[in-house]
1. Taking +1 at the Cβ of each Lys and Arg and -1 at the Cβ of each Asp and Glu, which of ASN121, THR84, MET150 sits farthest along the dipole of the chain towards its positive end, judged by Cα position relative to the Cα centre?
2. Using 7 Å Cα-to-Cβ label points, what is the GLU95/TYR51 separation (nm, one decimal)?
3. Which value in deg cm²/dmol, rounded to the nearest 500, describes the helix-derived mean residue ellipticity at 222 nm for the chain, given -39,500 (n - 2.57) per DSSP H run of n ≥ 4 and division by the residue count?
4. Assigning unit charges at the beta carbon (Lys, Arg +1; Asp, Glu -1) and nothing else, what dipole magnitude in debye, to the nearest 20, does the chain show about its Cα centre?
5. Within the chain, which complete DSSP H helices have Cα atoms spanning at least 24 Å along the helix axis and a mean Kyte-Doolittle hydropathy of 0.5 or higher?
6. Tabulate in residue order the Karplus-calculated ³J(HN,Hα) for segment 29-37, using 6.51 cos²θ - 1.76 cosθ + 1.60 with θ = phi - 60°, rounded to whole Hz; enter x for Gly and Pro.
7. Which lysines, if any, have their Cα less than 24 Å from the Cα of LYS179, not counting same-chain residues under 8 positions apart?
Amino acid sequence: MSYLPLTEYEGASDEVQKEYDYWTGRSGRVTNMKRLLLHDEPTYHAYMEWYTLYARLVDVVGKRATDLLCYAISTNNHCLLCSTFFQQIFVDAGEDPSGFALSGTEQLLFDLGEAISRNPNAVPDELYAQLKETFTPSQIVLLIGFAAQMVATNYFNMVTKVDVDEPLEPYVTPEFLAKVNATEG
């Protein structure tokens, strides 16, 4: 159960209602995370920059690779909401997230996401070397900046206990829940 109540359209400020209208028009609904973030507009806007970085990274590595990075970070951070969001993307595309077939770049980004979410102070030197061989310094900054934004999103959702949105609930299978809740031994 969410730690804080979600904002509602009725009675909200014009700015909050404008954001509700935008997301309803774009995706048909306002997610639980956005409804919670809208309690504080500057915080909401800071987190919405995720979409700017996401689009820029998609331009560099493609949508699937970007989603794989997000999935690796979110599952290893044990963020049920974010990992379920990306689980849905892959399942709906006909993929089995328990056994991805990955290209070289996709594997690199998946490994980066896992390393960052496990221990950001211990990203292996070999991974840094691969990043330098594959990407420009500007692209590496984008990758790491976006990954950090994904981590921040995970933490926000976990700390505030944002509920999984109703459309995502069917993707929270017992097997998936066990994977997200698993801890390293």
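Each value in this text was obtained by applying a stated rule to the coordinates, not by laboratory testing. Small disclaimer: the values here were computed from a predicted structure and weren't measured. FYI the Cβ positions are ideal-geometry reconstructions off the backbone, even for glycines, and counts take in every protein chain you see.
1. ASN121
2. For the pair GLU95/TYR51, the computed spacing is 2.3 nm.
3. -21500 deg cm²/dmol
4. 200
5. Flagged H segments are 137-159.
6. Here the 3J(HN,Hα) series is 6, 9, 5, 4, 4, 5, 5, 6, 4 Hz.
7. Straight-distance partners of LYS179: LYS63, LYS161.
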